[in-house]
Structures are given as C-alpha cells and as structure tokens.
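Asker: Quick one: the structure is below, and I'll ask about it shortly.
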Amino acid sequence: MATLHDIKRRIGSVQSTQKITKAMKMVAASKLKRAQEAITTARPYALSMRDLVNNVALRADLVTHPLMAAATPNGKIGVVVVSSDRGLCGAFNSNIVNATIEHIQSTFPDKTVELTLVGKKGAELLQRRHDHLGEIYTDIDAADSVHSIATDIMGGMSKKYVDGELEAVYCLYNKFNSAISQEVTLEQLLPFEATEMSEGERDTDYLYEPSEEDLFEALLVRHLNIQMHRMICESTASEHGARMTAMESATTNAGEMINSLTLQYNRARQSAITTELIEVISGAEAL
Amino acid sequence: MAAESLTIELCSPTQAPIEYTAEEVVLPGSEGVMTVLPGHTFVLTTLKTGVLIIQNGEEYDFFAVHGGFAEIAQDRIKIIADQVEHAENIDKARAEAAKTRAEESIAKPTEGHSVEQAEAAMARAIARIQAHGGEHY
C-alpha cells in the first residue's frame, strides 16, 4: 500500500500540473479572443473579395486565364494542410492529420498528392506517414508572417499550376465555428471556379480601370492570397479554441484526481491512527 | 433618376466593414484620382496608395488607403482595400519619420533595400501625412 508520504507527493504533483493547465487555459482564452476578432474581420473581407472576383469572371468570359482554365490531367494534385505549431490542444492536430490521410485514400485515390504543410505539429506527424512533401512552413504565430506565408504559398502553388506540375490545388484546414467546435474542411483553390449568379446582375456592363485583363489578374491573385490568409486565421482561431477546451477538461480531470487522492490520503491516515491506537490499547492491556 | 447620396462600404483584412453615407467620394484610382457623385456609371478599378475622401455635407472623412479595389455601381461603392487608416488613427510624427527614412534610402540605396520598396514606403508615408492633414487634391 502506498504510504502517506507517497500519496501526499502525488497530490502535490497533480496540483502543480493543474496550475499549469489552468494557466494555459487562460492564455488560450485570451489568444482565442484576439484570433476570433481577426477572423470575424477577415471573413467579410474575403467574402466581398470572392463576390467581386466571381462577378468579374462571369461577366468578362475570361476562361482563358491560366489560373481558371482546366489543367491537363497529370494525376498530381497539391494539398495545403494547415495545422498548428504547438501541441497540447487536444485532438486538433491528429484530426487534421487523419483527415489528410483519409482524403488522400478516398477523395483522391488515383492521384499523387503533394502536401504543403503549414504548422510544425502537423508536419512532424505527416512526414512519417506520407512520401510526397512540398514546402513546410512553421512559426505561423507571429502576426505579420501570416500574410507573407499566405502570399508565398499561393505564389508557389499558382506557378506549379500554370507550369502544369499540378492539376488542382486544395486546402485542408480547421474551420472555426465556435470556441468548442472546429470542422475539418477541404476547399478547392485552383483552378478557380466561378459560381453562377442571377441574370439581372450579369447584364450590367462595367468600365474597367486599368484593362479588364490586368484588373482580373490583380483581383484573382489577391483573392487567392486572401483565401489562404483567411484559412490560416481560421486554423489559428480553431487551435486556440481547441487548446482552451482541452486545458479546461485537463483542469477538471486534475481536480477529480486530487479529490480521489485526498480521499485515499485521509483513509490511509485514518487507518494508520487506528493501527496505532490498537497497538497502544493492546500494549496497555498486556500490562 | 439618381439618388441624392452614395452608400459606401469600406472593408480591409483587419477591419470589419463600415458603411458611410456621402454626397461625394474621392478615390485614389490606379489610373488617376477620381471623384464619384451619385448616379456614377458602373466602374471597377484598382486603387493605388493615396487619400480617400468621403464627404457628407460639411463633414469630411479622410483615409489613407494602400492599394485595393473599388466597385462603383451608381449609388453604391464598395471599397476593398489592402489597408486603410482613418485620419484620426494616423501618427503624423511616425509618418514623417518614415518619409525621411524613405527619402534617405532613395538617395542612397543600400543592399537589401531596393529603390522600389523605398518609393512605395514614401508613397504610403505621403498618403498618411496628407490624410492626417486633411489635404484636398
């Protein structure tokens, strides 16, 4: 049986773990708040951008643009997987890694999938499970690096697409629904597909400054960067949400453990007292 | 028959969309500065770095805009800026310091800082200073 001293030491260690998880929960909560603000402002912007690109694409019959035209099928596609740099956020990273493997097997069974990885944790896990890896981007936490990473990724992907190395580009990321709910989402980035809109809107003729082609080129590139940016922001917000929930439950679990250990400690103490009493009494009787 | 006022929707990646009502808007279009009045024809334009002025009666709002797009459809203007700063939030001393720095790098280009970068920085600084001072074109 564990001695009193052992139990006490275990209680102490669980208590200090609880302190850490509690602190991490607080940190995650405040980071979540900031990330949530970033995503709620970035979303309407990304949406307006998409509408605008969409409208121009439909009106202008620019199907000849290299980023919109269907690429010659060569069985190779690119997937950008967004995970996090840090662990201790529950099933966040393993979810995205499992989803990646599943998509490779079921959504793209006959294709060679080249993975571009954002985030250290996902990269570590996927390096062991997948052979075709492209670039790996880490240190996404720094505020101003998100934009440059997004631009970098999309620049590289667009080039590969135009050069005919990849026939399509997708992005797999954790979509932020709320602090406790994230959803692994797969979105197609390239080729860019315009969605239909109502007749009335289509009839209006616009003047373009500068020329239609230049404007569309600028819009499309910008749009792709913004989408990538948005996805990374979504993933960051999801990560903090996941971490907050994970740390919350870790704190509760530690509390429960402390309770049961305290009970065990009290019982052990009680039985030690009883044993001692019996010894004293039987000693006195023997006299 | 055109309406009497314009509705402007202004958004950027770091700012939630804001709506303004105005009588007149001045935009820094990439092909030149343009003034938009109610009933303007349909135009799509890219924006360069410059000052955006939203005028409603006696009230003027000045913004420094750094690139983006504007969609003008008669009485609605949608401005999707890469970055936008309201004049009130501009630190003039900082903008002037940036301008001096940019001038220096243009005069004496060093490794790692191209003249184009310096010129872009200069344009941003000038737009900030102008927006802050509420200068008209």
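Asker: When you scan region B:47-59, do you find a residue that is surrounded by 19 or more Cβ atoms within 10 Å (Cβ to Cβ), within 12 Å of another protein chain (Cβ to nearest Cβ) and aliphatic (A, V, I, L, M), even just one?
Answerer: Taking every residue of region B:47-59 in turn, at least one turns out to be surrounded by 19 or more Cβ atoms within 10 Å (Cβ to Cβ), within 12 Å of another protein chain (Cβ to nearest Cβ) and aliphatic (A, V, I, L, M).
Asker: OK, next. For region B:1-39, give me each residue that is within 10 Å of chain A (Cβ to nearest Cβ), in contact (Cβ under 8 Å) with a residue 12 or more places away in the chain and over 23 Å from A:P44 (Cα atoms).
Answerer: Within region B:1-39, B:S30, B:E31 meet the criteria.
Asker: Among (1) at pLDDT below 85; (2) under 15 Å from the mean Cα position of the chain (by Cα), which single condition is A:H130 missing?
Answerer: (2)
Asker: What residue, among those in region B:31-44 that are out of contact with any Phe, Trp or Tyr (no Cβ under 7 Å at 6 or more places or on another chain) and outside any loop (DSSP other than H, G, I, E, B), is surrounded by the fewest Cβ atoms within 10 Å (Cβ to Cβ)?
Answerer: The residue in question is B:G32.
Asker: Restricting attention to region B:79-94, does a residue exist that is part of a strand (DSSP E or B), within 14 Å of chain A (Cβ to nearest Cβ) and without any contact (Cβ under 8 Å) to a residue 60 or more places away in the chain?
Answerer: The answer is no, given that none of the residues of region B:79-94 is part of a strand (DSSP E or B), within 14 Å of chain A (Cβ to nearest Cβ) and without any contact (Cβ under 8 Å) to a residue 60 or more places away in the chain.
Asker: Also, quick follow-up: I need the full set of residues from region A:98-115 which are more than 10 Å from A:L172 (Cβ to Cβ) and touching a helix residue (DSSP H, G or I) at 6+ places or on another chain (Cβ under 7 Å), in order please.
Answerer: A:I101, A:V113
Asker: Report the residue count in region A:42-56 for those that are at the interface with chain B (Cβ under 7 Å from one of its Cβ atoms) and farther than 12 Å from A:H229 by Cα.
Answerer: Adding up the residues that qualify gives 5.
Asker: Within the bounds of region A:4-17, is there any residue that is surrounded by 18 or more Cβ atoms within 10 Å (Cβ to Cβ), over 28 Å from A:H132 (Cβ atoms) and within 14 Å of another protein chain (Cβ to nearest Cβ)?
Answerer: No, region A:4-17 contains no residue that is surrounded by 18 or more Cβ atoms within 10 Å (Cβ to Cβ), over 28 Å from A:H132 (Cβ atoms) and within 14 Å of another protein chain (Cβ to nearest Cβ).
Asker: Only one of these is under 30 Å from A:H130 (Cβ atoms), away from chain B (no Cβ under 14 Å), surrounded by 18 or more Cβ atoms within 10 Å (Cβ to Cβ) and of a type outside the set (K, R): A:I39, A:I101, A:I96. Name it.
Answerer: Result: A:I96 is the single residue among A:I39, A:I101, A:I96 that is under 30 Å from A:H130 (Cβ atoms), away from chain B (no Cβ under 14 Å), surrounded by 18 or more Cβ atoms within 10 Å (Cβ to Cβ) and of a type outside the set (K, R).
Asker: Being more than 27 Å from A:A38 (Cβ to Cβ) and in a loop (DSSP other than H, G, I, E, B) is the filter here, so list the residues in region B:1-30 that pass it.
Answerer: If the condition is that a residue be more than 27 Å from A:A38 (Cβ to Cβ) and in a loop (DSSP other than H, G, I, E, B), then B:M1, B:A2, B:A3, B:E4, B:S5, B:E23, B:S30 are the ones that fit.
Asker: Let me ask something additional. So, of the residues in region A:113-161 that are among the acidic types (D, E) and over 30 Å from A:H65 (Cα atoms), which turns out to be surrounded by the fewest Cβ atoms within 10 Å (Cβ to Cβ)? First the steps, then the outcome.
Answerer: Initial filter on region A:113-161 (among the acidic types (D, E)): A:114, A:124, A:131, A:135, A:139, A:141, A:144, A:152.
Now narrow it down to the ones that are over 30 Å from A:H65 (Cα atoms): A:124, A:131, A:139, A:141, A:144.
Details: A:E124: 15, A:D131: 9, A:D139: 10, A:D141: 14, A:D144: 7.
In this case the residue turns out to be A:D144.
Asker: Out of the residues in region A:46-88 that are buried (at least 22 other Cβ atoms within 10 Å of the Cβ) and of a type outside the set (A, V, I, L, M), which is farthest from the chain's Cα centre (by Cα)?
Answerer: A:G78
Asker: Please specify each residue of region A:104-154 satisfying the condition of being of a type in the set (A, V, I, L, M), within 14 Å of another protein chain (Cβ to nearest Cβ) and not in a helix (DSSP H, G or I).
Answerer: The answer is A:A143, and nothing else.
Asker: As an exercise: evaluate A:V113 against (1) modelled with pLDDT of 85 or more; (2) among the hydrophobic types (A, V, I, L, M, F, W, C); (3) under 30 Å from A:Q264 (Cβ atoms); (4) out of contact with any Phe, Trp or Tyr (no Cβ under 8 Å at 6 or more places or on another chain) and give the number of the one condition it does not meet.
Answerer: Of (1) modelled with pLDDT of 85 or more; (2) among the hydrophobic types (A, V, I, L, M, F, W, C); (3) under 30 Å from A:Q264 (Cβ atoms); (4) out of contact with any Phe, Trp or Tyr (no Cβ under 8 Å at 6 or more places or on another chain), only one is false for A:V113: (3).
The values are calculated or read from the model by the stated rules, or taken from the named source; none is laboratory data. Note that the structure is a prediction, hence the values are computed from the model and not measured. Positions of Cβ are generated from backbone atoms using ideal geometry, with glycine treated the same way; all protein chains shown enter the neighbour counts.
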